[in-house]
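First comes the structure, then the notes that go with it.
The values are calculated or read from the model by the stated rules, or taken from the named source; none is laboratory data. These numbers were taken from a predicted model, which means no experiment stands behind them. Note that we place each Cβ from the backbone using ideal geometry, even for glycine, and neighbour counts take in every protein chain shown.
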């Protein structure tokens with residue numbers, strides 16, 4: 001069975017909505033619906049194809065169009081990447097027949113196309129998973145010059161898990177370097193489809209885009225409105241006492257509007273939602289009155305009602321961002337069963353976010369609350385550091401995710417941040433009879449009370465209480481050129497990775513599979529991979545679980561005092577090299593004082609590396625113009641005593657550059 005087959009095999013799909021009564025009104029014909037998304041690697045033309053679809057369907061006037069229309073944030077335009085999923089509703093007549101558009105035949109109806117534009121980077125795969133759960137099909141977009149990339153395979157695997165119908169499309173056939181034959185063979189090998197099923201387009205020029213819109217209508221199924229008796233949560237709820245069908249919808253995204261409160265992006269599963277209706281959030285058990293419903297075009301367009309199978313928005317007016325959660329169910333009655341929602345996302349990288357000024361703590365907290373509503377993959381909790389004060393420990397899906405969150409907090413919420421060195425989540429098995437005395441009780445796992453989950457190296461207990469430390473491992477996939485295979489293998493093996501498989505996608509490109517510790521690839525691995533492959537290699541990874549390792553806590557000492565914010569967990573074999581690099585970097589970035597500063601790396605009190613920041617020299621005898629040498633000696637002795645006192649009482653100032661030095665080691 002190929003991915004091109006319909007989602008439920010031989011089941012019949014209703015053509016959109018059948019004619020039905022609305023509270024005693026006349027029969028109303030509702031057009032057919034197709035819900036789909038575009039999955040692709042970064043820079044394969046996903047946003048450009050979205051622009052052409054919006055333009056050809058007449059969703060926006062030509063004067064309203066701009067490049068990357070669905071990339072709303074300035075940050076997306078500056079970086080040239082999609083960060084947030086963005087829905088848009090379009091209408092298309094099959095074949096784009098002008099007579100049908102003018103209504104000359106009197107019987108043809110357009111098809112409603114709901115597109116959810118998705119990110120391509122692996123750090124935003126949770127955005128992609130939510131889009132896939134709200135759709136019945138997807139367009140697999142592949143660059144005809146670059147071919148299949150690692151992240152394309154990762155996203156395609158997610159689409160297969162959601163059992164979506166796939167339309168393969170080759171983009172950029174207008175480029176001189178395009179090779180549709182070679183790339184088409186790769187797609188056929190990957191999907192198991194026929195070569196004639198692959199569409200060839202140039203999104204930039206608009207060639208082939210009408211055929212893609214026609215294929216969406218032909219190949220993708222309508223929203224499944226048939227009750228599924230085998231499911232624990234039936235697709236159709238019973239009718240209310242008044243005879244009206246109960247309504248349920250899945251929240252796949254949400255934002256906080258300054259004027260209208262929390263706004264939920266919903267996929268309606270059954271029933272209808274309309275303005276003024278009283279509804280309930282089943283997860284948080286919160287009732288509210290619907291202030292407005294509508295669809296995306298791509299801006300908000302208010303409607304009287306949105307019905308089953310459609311994608312739109314619902315304005316709740318709620319001011320507490322904790323009430324409206326992504327994955328929750330909006331229902332017309334609190335007695336209805338909640339929809340399955342989404343699998344809880346597991347952060348991969350953790351870092352501490354602290355305000356540069358203590359008075360900005362409340363602003364940072366408010367910014368994180370609003371951002372976590374819009375970004376469900378962001379997790380955070382309060383944390384206090386002796387050097388940096390009050391802040392938050394935040395979990396991210398990767399370093400790019402961390403970078404984007406930092407930029408959004410600074411731009412959208414005016415926060416000036418200090419960020420600690422990123423780390424991953426470790427599992428520490430304790431030997432103590434009462435683990436709560438060794439670590440905070442909140443860090444202990446519920447199913448294993450003697451195992452603590454620690455993301456901050458400062459929380460690592462004394463080695464005498466540690467039986468073993470487990471670290472997360474990932475399955476790493478790298479797509480590279482044939483001549484770069486050796487360099488990529490060496491790079492992964494230097495990070496304690498193990499080679500598992502290799503297969504050639506074509507004569508010149510190979511897919512390499514590794515198992516590697518997550519700590520080895522989250523910091524600077526991607527930069528080194530691009531350097532080793534001259535920019536041609538791409539990567540994607542999936543979590544495998546936790547494995548025991550010979551791991552130790554590496555403390556950084558400044559003037560003999562541990563700087564908890566700079567501590568890190570490393571493999572014992574790498575401790576000396578990592579400690580030397582961190583000490584050398586800190587020597588260059590720490591501000592000089594009038595006394596020497598000792599920068600040391602230590603494991604359980606044993607020094608493994610050291611550097612010294614030389615003292616700032618001040619010529620205290622410069623103003624002397626003559627006289628006996630005893631005057632000069634007297635001043636020098638006075639300075640010597642002062643430096644000795646400063647060395648005993650002086651403090652070292654940690655700057656953002658110090659944390660970046662650890663990050664970029």
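Quick notes on this structure:
- Spans of strands (runs of 3 or more DSSP E) in the stretch 391-489 with at least 3 residues in contact with a helix residue (DSSP H, G or I) (Cβ under 7 Å, 6 or more places away or on another chain): 417-419, 451-454, 466-481
- Of the residues 521, 469, the single one that is closer than 30 Å to residue 610 by Cβ, buried (at least 20 other Cβ atoms within 10 Å of the Cβ), modelled with pLDDT of 90 or more and touching a strand residue (DSSP E or B) at 6+ places or on another chain (Cβ under 9 Å) is 469.
- Sole exception among (1) more than 25 Å from the chain's Cα centre (by Cα); (2) crowded, with 18+ Cβ neighbours inside 10 Å; (3) at pLDDT below 80 for residue 505, by number: (3)
- Whether a residue is in a strand (DSSP E or B), surrounded by 13 or more Cβ atoms within 10 Å (Cβ to Cβ), touching a strand residue (DSSP E or B) at 6+ places or on another chain (Cβ under 8 Å) and modelled with pLDDT of 80 or more was assessed, and residue 575 does not pass this test.
- Residue that is surrounded by the fewest Cβ atoms within 10 Å (Cβ to Cβ), among those in the stretch 288-336 that are more than 18 Å from residue 261 (Cα to Cα) and without any contact (Cβ under 8 Å) to a residue 12 or more places away in the chain: 335
- Enumeration of residues in the stretch 172-183 that are closer than 10 Å to residue 147 by Cβ and surrounded by fewer than 21 Cβ atoms within 10 Å (Cβ to Cβ): 179, 182
- Of the residues making up the stretch 526-540, those that are in contact (Cβ under 8 Å) with a residue 12 or more places away in the chain and either within 15 Å of residue 481 (Cα to Cα) or surrounded by fewer than 21 Cβ atoms within 10 Å (Cβ to Cβ) (or both) are 526, 528, 529, 532, 533, 534, 536, 537, 538, 539.
- Of the residues making up the stretch 582-609, those that are at pLDDT 90 or above and buried (at least 16 other Cβ atoms within 10 Å of the Cβ) number 8.
- Verdict on residue 169 being buried (at least 19 other Cβ atoms within 10 Å of the Cβ) and in contact with a strand residue (DSSP E or B) (Cβ under 6 Å, 6 or more places away or on another chain): yes
- Some residue of the stretch 616-639 being under 19 Å from residue 557 (Cβ atoms), at pLDDT 70 or above and touching a helix residue (DSSP H, G or I) at 6+ places or on another chain (Cβ under 8 Å): no
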